[in-house]
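Below: one structure, written as structure tokens.
Please treat every number below as a calculation from the coordinates, not as lab data. Remember, it's a predicted structure, so these values are computed and weren't measured experimentally. Note: ideal-geometry Cβ built from the backbone for every residue, glycine included; neighbour counts use all protein chains shown.
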Amino acid sequence: MNNSVKNTTRLLGAGLRALLVLTLVTGVLYPLVITGVAQGLFPGHANGSQITSGGRVVGSSLIGQQGYSLDYFQPRPANGLGENWVNTRYKLILSGATNLSADNEKLVRSVRAAKAEVVKENSTADYEVNPADVPADAVTSSGSGLDPDISPRYADLQVHRVAARNHLSVGQVQRLVDRHTEGRTLGFMGDPRVNVLELNIALEDLVAKH
């Protein structure tokens, strides 16, 4: 009986010591080391890839924002999954896709309606959008619903509207898009893209100087 109690006490003591050591290593030391390395080598990424404008944080380069007026470049549709309303706070802290199949009637109607809206909004007095030129990312949300980027095709399609509404020349706005178009990662991964938030901040600066 005494041996059994001693063995139990010994095992409990060993378990407690292991718990304390592992808590210290994995719960304190490891996070401190990783945080220190991240802050030292990649401070921007470690702090959420924040974007500032006018001395304040206005968003993250990794999270798309909704609610821009038509004076600005529009992001991909979010289907209500992550609507940004003030700075970087979201009404819904959710992300995800609709999970509707390509032939789902609800999705088909949504895409058709979105395409018609894109054509209407981006056609100007001297420029008419061809429905065949509307890219997929203009009428569908990304897998998360929070994609911060759009394709160069979608950005180019919006150039005439943005120029007209901000009293800029088409050439000025097109050059702005070209400067903010990023190529494939490492030259071969992914697709060329344009970060909408960064582009719209640059647009504000251009309008202010005009």
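Rounded to the nearest 500, what is the 222 nm mean residue ellipticity of the chain from helices alone, with -39500 (n - 2.57) per DSSP H run of 4+ residues and division by all residues? Mind showing how you got there, number by number?
Working: 7 runs with 95 residues, N = 210.
When only DSSP H runs of four or more count, the value is -14500 deg cm²/dmol.
To make sure I understand, if each residue's beta carbon is the centre and we count other beta carbons within 10 Å, what order do 118, 111 fall in, fewest to most?
111, 118
Under a GNM of the chain (C-alpha, springs under 10 Å), which listed residue has the highest mean-square fluctuation: 198, 182, 117?
117
Take the chain, drop everything but the C-alpha atoms, weight them equally and run the Debye formula without solvent; then report log10 I(q)/I(0) at 0.15 Å⁻¹ to two decimals.
Summing over Cα pairs of the chain leads to -1.04.
Angle between the Cα long axis of helix 152-165 and the longest principal axis of the chain, 0 to 90 degrees, nearest 10?
Taking Cα atoms only, the helix is inclined about 60 degrees.
What residue among 39, 65, 50 shows peak mean-square fluctuation when the chain is described by a Gaussian network model with Cα springs under 10 Å?
Among 39, 65, 50, the largest mean-square fluctuation in the Gaussian network model of the chain belongs to 39.
For residue 23 and residue 181, what does the FRET efficiency come to when R0 = 41 Å and r is the distance between their Cβ atoms, rounded to the nearest 0.05?
0.30
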